[in-house]
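All remarks here apply to the structure that follows.
The values are calculated or read from the model by the stated rules, or taken from the named source; none is laboratory data. On a predicted model such as this, the values are computed, not experimentally measured, just so you know. Backbone-built Cβ (ideal geometry, glycine too); neighbour counts: all protein chains shown. Quick note on the areas: whole protein, heavy atoms, side chains included, nothing else; ligands and nucleic acids left out. Shrake-Rupley method; radii C 1.70, N 1.55, O 1.52, S 1.80 Å.
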Amino acid sequence: MDVNKNSYTFAFSAILVIVVAAVLAFAAESLKPMQKENMRLEKMQNILASVKIEATPEQASSMFEKYIVDQKLLNSQGEVVTPSGITAFDVDVVKEFRTIDEKNRNYPLFIFEENGERKYIVPLVGKGLWGPIWGYVAFDGDMNTVYGSTFDHKSETPGLGAEINTNEFQDKFIGKSIFDNNGNYESIHVLKGGTDVVGNQHAVDGISGGTITSNGVGEMIQRTLNIYVPYFKGNQKASL
Amino acid sequence: MSETAKAAEVAVKEPKEPLFSKKNKALITDPLNDDNPITIQVLGICSALAITVQVKQAFVMAMSVLVVLVGANLIVSLMRNLIPSRVRIIVQLVIVAALVILVDQVLKAFVYDVSKQLSVFVGLIITNCIIMGRLEAFALANKPWPSFLDAVGNAAGYGWILIVVAIAREFFGSGKIWGVQLIPDAFYDLGYANNGLMILPPMALITVGIIIWVQRARNTKLIED
């Protein structure tokens, strides 16, 4: 058989591609449940990490159940909604950020409780320099002071923008507040790396050389928390 | 009678090469030293620089390359008489890419944290020059068994360099090996500090350079005039 004939070449390529596609499709489908479970556990770990609870993948599920006492979904007006068949945990905020416009997105809120103290965890998503960035910010019971935060990214520059997922950067947010003394929403700004932020309750020092990623973090905090402001204010009044 | 039968059998078998003939053994041992893909052929350097910060990553990368290279070499060798030569490169690429995606999916399912750290580098195995190089230079022209040995040899040659570099970088860069702290806290109290430079990519290049230097100094075959 002449393996260099055109017809043979075409037939060979077609068969090869079909076989390869079938094998890959089968593998992807059969491994999917395990991969999904891994992602679910990772999400739980990330949520718990924002309230400074380190969980291994094995513990994640039980710890999540123990500490996260309530989950809520808000609409873009900051009102609690209860769509059927979907919990806050199921909402993939990164996906919604990409595909749904701001008005129709779901805004999840996780409520954490330990020793009677509640923390409110808000998922964030925004744009870095090269791709999406996301994270969770946890607030104290006053819904104003940051208790902890965690950020991650898909493809920021290692050593520069990618530093947002280090404790060094994340810990800068602790103790900052999002409302000013008069109760107006101020958010937390991420300033250009190296700026002096001592005494400034609404700003953290960004990453030198990672300005665009830092700005992205600031923007996503400002934009996302803005949605939660009505809910936070309503609850602050209720608790007074 | 049975003696002669045995003798005849041996006589028949003789032209067939034993599984581990000198030539076949060389397929495994050569890439470890005299013909090492990283230090001599200087292939696959990119991944050697990128994922040698920790031994665990380097090990998983080495294993992944082993699986992909063995699989690809075997498949290409089995199909060597069927592959139209005009499209052989693209056929090799499809096979390698399919294997790499398989490895990636398996890693995601079973060792998720490692797969997250390796992230893009698993995908980059596709472009690892060692793999295409072995397919093109060896598997296309040889039977499956020698191709298998060649793949094992080259993957091992790649892997041991990777792991040695990773051991050096993790030990001096973070005081650990395989995530286990080896430098006692007392040293740090006395003022010892991890060398942050070891974690950065340039030190991988320098470490590989030192390995090449040592190798060239010791292996007389490699000394050029």
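Give the range B:143-158 a look and list any residue that's part of a helix (DSSP H, G or I) and under 16 Å from B:Ser21 (Cβ atoms), or say none. Of everything in the range B:143-158, those that are part of a helix (DSSP H, G or I) and under 16 Å from B:Ser21 (Cβ atoms) turn out to be B:Pro144, B:Trp145, B:Pro146, B:Ser147, B:Phe148, B:Leu149, B:Asp150, B:Val152, B:Gly153. A count restricted to the range A:16-63 and to residues that are farther than 30 Å from A:Glu114 by Cβ and either among the small types (Gly, Ala, Ser) or more than 12 Å from chain B (Cβ to nearest Cβ) (or both) stands at 6. Quick one: is A:Lys127 closer than 22 Å to A:Ile188 by Cα, of a type in the set (Lys, Arg), open to solvent by 40 Å² or more (accessible area, probe 1.4 Å) and at pLDDT 85 or above? So A:Lys127 passes the test.
Does the range A:114-143 hold any residues that are over 18 Å from A:Phe179 (Cα atoms), in contact with a Phe, Trp or Tyr (Cβ under 7 Å, 6 or more places away or on another chain) and acidic (Asp, Glu), and which are they? Passing the criteria: only A:Glu114.
Checking the condition open to solvent by less than 70 Å² (accessible area, probe 1.4 Å), at pLDDT below 85 and farther than 20 Å from A:Tyr107 by Cα, which residue from A:Gly206, A:Gly210 passes? Just one listed residue meets the conditions, A:Gly210. Among A:Asp70, A:Asp2, which is open to solvent by 30 Å² or more (accessible area, probe 1.4 Å), among the acidic types (Asp, Glu), away from chain B (no Cβ under 12 Å) and not in a helix (DSSP H, G or I)? Within the list A:Asp70, A:Asp2, the selection yields A:Asp70. For the residues B:Pro184, B:Pro201, the requirement of being over 18 Å from B:Ile45 (Cβ atoms) and either over 27 Å from the mean Cα position of the chain (by Cα) or open to solvent by 70 Å² or more (accessible area, probe 1.4 Å) (or both) singles out B:Pro184. Of the residues that sit in the range B:186-200 and are part of a helix (DSSP H, G or I) and under 19 Å from B:Ile51 (Cβ atoms), which one is farthest from the other protein chains (Cβ to nearest Cβ)? Among them, the one singled out is B:Met198.
From the list B:Ala97, B:Ala109, B:Ala141, which residue is of a type in the set (Gly, Ala, Ser) and free of Cβ contacts under 8 Å to residues at least 24 places away in the same chain? Just a single option satisfies the conditions, and that option is B:Ala109. Here is the figure for the range A:5-45: residues that are hydroxyl-bearing (Ser, Thr, Tyr) and either open to solvent by 50 Å² or more (accessible area, probe 1.4 Å) or closer than 30 Å to A:Ser149 by Cβ (or both) total 2. Of the residues B:Val91, B:Val76, the single one that is surrounded by 20 or more Cβ atoms within 10 Å (Cβ to Cβ), over 26 Å from A:Glu29 (Cβ atoms) and within 14 Å of chain A (Cβ to nearest Cβ) is B:Val76. Taking the conditions (1) under 23 Å from B:Tyr158 (Cα atoms); (2) surrounded by 14 or more Cβ atoms within 10 Å (Cβ to Cβ) in turn, B:Gly175 satisfies each one other than (1).
Residues of the range B:57-69 that are open to solvent by 20 Å² or more (accessible area, probe 1.4 Å) and either assigned to a loop (DSSP other than H, G, I, E, B) or within 26 Å of B:Asn219 (Cβ to Cβ) (or both): B:Phe59, B:Leu66.
Do we have any residue at all in the range A:109-117 that's closer than 19 Å to A:Asn215 by Cα, open to solvent by 30 Å² or more (accessible area, probe 1.4 Å) and outside any loop (DSSP other than H, G, I, E, B)?
no
Surrounded by 14 or more Cβ atoms within 10 Å (Cβ to Cβ) and either among the small types (Gly, Ala, Ser) or farther than 18 Å from A:Gly234 by Cβ (or both): is that true of A:Ser76 in this structure? Judged against the criteria, A:Ser76 is a match.
Of the residues A:Val94, A:Val198, A:Val146, the single one that is at pLDDT below 85 and not in a loop (DSSP other than H, G, I, E, B) is A:Val94. Taking the criterion of being open to solvent by 20 Å² or more (accessible area, probe 1.4 Å) and within 29 Å of B:Gln181 (Cα to Cα), the residues of the range B:24-56 that qualify are B:Ile45, B:Cys46, B:Leu49, B:Ala50, B:Val53, B:Gln54, B:Lys56. Among the residues in the range A:168-183, are any in contact (Cβ under 8 Å) with a residue 24 or more places away in the chain, closer than 15 Å to A:Arg223 by Cα and open to solvent by less than 60 Å² (accessible area, probe 1.4 Å)? Within the range A:168-183, one or more residues are in contact (Cβ under 8 Å) with a residue 24 or more places away in the chain, closer than 15 Å to A:Arg223 by Cα and open to solvent by less than 60 Å² (accessible area, probe 1.4 Å). Restricting attention to the range B:139-151, the residues that are of a type outside the set (Gly, Ala, Ser) and either on the phi > 0 side of the Ramachandran plot or open to solvent by less than 30 Å² (accessible area, probe 1.4 Å) (or both) total 3.
Residue count for the range B:34-56, restricted to those that are in a helix (DSSP H, G or I) and within 14 Å of chain A (Cβ to nearest Cβ): 2.
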